[in-house]
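Everything on this sheet refers to the single structure shown next.
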Amino acid sequence: MADNPWNKARIPDAVAAGGDRAPTLDLTAARAGGGDQFENRLRKDLAHLRKWAAREGITSWRVYDADLPEYAVAVDLYESRWAVVQEYAPPGSIDAAKAARRLAAVMALVPEVLGLAASDVFLKVRERGKGGEKYGRIAELGARHEVREGAARLLVNFTDYLDTGLFLDHRPARFWLQENGRLPSGGGARFLNLFAYTGAATVHAALGGAASTTTVDLSRTYLDWAAANLRANGFEIGPDHRLKQADCLTWLREDAGPYDLIFMDPPVFSNSKRMDGVLDVQRDHAWMIAECMRLLAPDGTLLFSNNLRGFVLDPMLAERYAVRDWTKASIPPDFARNPRIHQAFFIRHRS
């Protein structure tokens, strides 16, 4: 594979002495000054989680999640073939040169520990996109790779966006949707996926036997990606599997339903120019959930999640509906170090 422009640590021009990347470090230099501690922790996490992943049949998972404060990165392994390093951008109080050296050490040690070619380790820097963008584009290389998740085949992209197209922390939610794609009566569920991103949850629901799926997102790029994911699993786009490009806030007000199963995972904030308004999940979640419940069949289930740290569910909802906080059980072992990665709730009509 050709040299990967995302596998080298980038540092500010003021520090780079004429370049915008940190120099490639050999392993001896990478292990100096604390890099050996990062290497040891990464090896320990890998040995521990690899056993769990093998036992559960998980092929894409988080190996390391900022275990050491000085090495504030996340390392995700895909199919034992590729890795994504996500740097949590350091605060301004941290010396930029020191942070850059640590990141360069990470980029040298990750392929060594995981047994990968350096060209198959990709670097992202986690910073909020403009205007609350959730998935901001950072390149246009266009390469997609197929990964497995249980029975599902899903396409990921390691270079073009901040996220790969698959939120690994939502793996339990997708498995739950697959397990509940069929109703207790034996028929297939009518499934609605709002803020659907690349449609991975739709694929799981369809594989679980959903009679129909409706996938709604504002982005044509991600709906095309969702279509590719569905086709990779043998499903054709049409009356049984609909893709709708729409502002989900408008869709909620105008759709008639009904659906037996709804998954809603909105962004924390969005003010996209293509939206009719501004979305703030803390402010808006109560009416959004109420609209979902209007669309939900009497015996149906809404799975609502979001990743706002400090999110508080409106207490009115628990008075009106049957609400169960699923957050703790919904966070998989590879994300256990970050119990606030997301919150999740099952919401049903009261009998």
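Scaled to the compact-protein estimate 2.2 N^0.38 Å, what is the alpha-carbon radius of gyration of region 197-252, rounded to two decimal places?
1.03
To the nearest 20 Debye, how big is the dipole of region 145-348 about its Cα centre, given +1 on the beta carbon of each Lys and Arg and -1 on that of each Asp and Glu?
So the dipole magnitude of region 145-348 works out to roughly 240 debye.
What does the net charge come to around ASN40 if you take all other residues with beta carbon closer than 11 Å to its beta carbon, with K and R at +1 and D and E at -1?
In short, 0.
Rg and Dmax of region 145-348, Cα atoms, in Å?
Over region 145-348's Cα set, Rg and Dmax evaluate to 15.8, 45 Å.
Just how large is the dipole of region 13-127 about the Cα centre, in debye to the nearest 20, putting +1 at every Lys and Arg Cβ and -1 at every Asp and Glu Cβ?
Computed about the Cα centre, the dipole is about 320 debye.
Based on the Cα atoms of region 231-274, what semi-axes does the equivalent ellipsoid have, where each is the square root of 5 times one gyration tensor eigenvalue, given in whole Å with the largest first? If you can, show how the numbers build up before the last one.
Numbers: eigenvalues 104, 45, 27 Å².
Whole-Å semi-axes of the equivalent ellipsoid: 23, 15, 12.
Using helices alone, what [θ] at 222 nm do you get for the chain, with -39,500 (n - 2.57) per DSSP H run of 4 or more residues, divided over all residues and rounded to the nearest 500?
-9500 deg cm²/dmol
Can you say what percent of the DSSP beta bridges in region 173-254, counting only those with both residues inside, are antiparallel? Round to 5.
Values: 2 of 12 bridges.
Of all bridge pairs located within region 173-254, approximately 15 percent are antiparallel.
Counting DSSP beta bridges in region 194-348, what percent are antiparallel, to the nearest 5? Can you show the working numbers first?
On the way: 12 of 24 bridges.
Of those bridges, close to 50 percent are antiparallel.
Which one of PRO91, ILE58, ALA32 is farthest out on the positive end of the charge dipole of the chain, using unit charges on Cβ (Lys, Arg +1; Asp, Glu -1) and the Cα centre as origin?
ILE58
From the cross-link list LYS124/LYS328; LYS51/LYS98; LYS44/LYS124, which pairs have alpha carbons spaced over 32 Å apart?
Listed pairs above 32 Å: LYS51/LYS98.
Provide the net charge surrounding GLY181, with neighbours chosen by a C-beta distance below 14 Å and charges set as Lys +1, Arg +1, Asp -1, Glu -1.
Local net charge: 0.
Given C-alpha coordinates of region 13-127, what is the ratio Rg to Rh with the Kirkwood estimate of Rh?
0.97
So which trypsin sites (Lys or Arg not before Pro) in region 158-218 are both in a DSSP loop and have at most 14 other Cβ atoms within 10 Å of their Cβ? Could the numbers behind the result be given before it?
On the way: sites: ARG174, ARG182, ARG190; in loops: none.
Of the trypsin sites (Lys or Arg not before Pro), not one in the loops of region 158-218 has a Cβ with at most 14 other Cβ atoms within 10 Å.
Once the other residues with Cβ under 14 Å from the Cβ of TRP326 are scored (Lys, Arg +1; Asp, Glu -1), what is the net sum? Kindly include the intermediate steps, with their values, before the conclusion.
Working: positive: ARG171, ARG174, ARG324, LYS328, ARG348; negative: ASP169, GLU179, ASP265, ASP325.
Local charge sum for TRP326: +1.
How much length would be gained if the chain were fully extended between ASP284 and ALA297, taking 0.36 nm per residue of separation minus their Cα-Cα distance, in nm to one decimal?
2.5 nm
Only four residue types carry charge here, +1 at the Cβ of Lys and Arg and -1 at the Cβ of Asp and Glu. Report the dipole size of the chain about the Cα centre in Debye, rounded to the nearest 20.
380 debye
Just to be sure I understand, if you calculate Cα Rg over 2.2 N^0.38 Å for this structure, which of (i) 1.13; (ii) 0.99; (iii) 1.03 do you get?
Recomputing Cα Rg over 2.2 N^0.38 Å here gives the entry labelled (iii).
Throughout, read-outs are computed from the coordinates displayed, never taken from laboratory work. Worth saying up front: this structure is predicted, and the values here are computed from it rather than measured. All Cβ positions, even for glycine, are placed from backbone atoms using ideal geometry, and neighbour counts span all protein chains on display.
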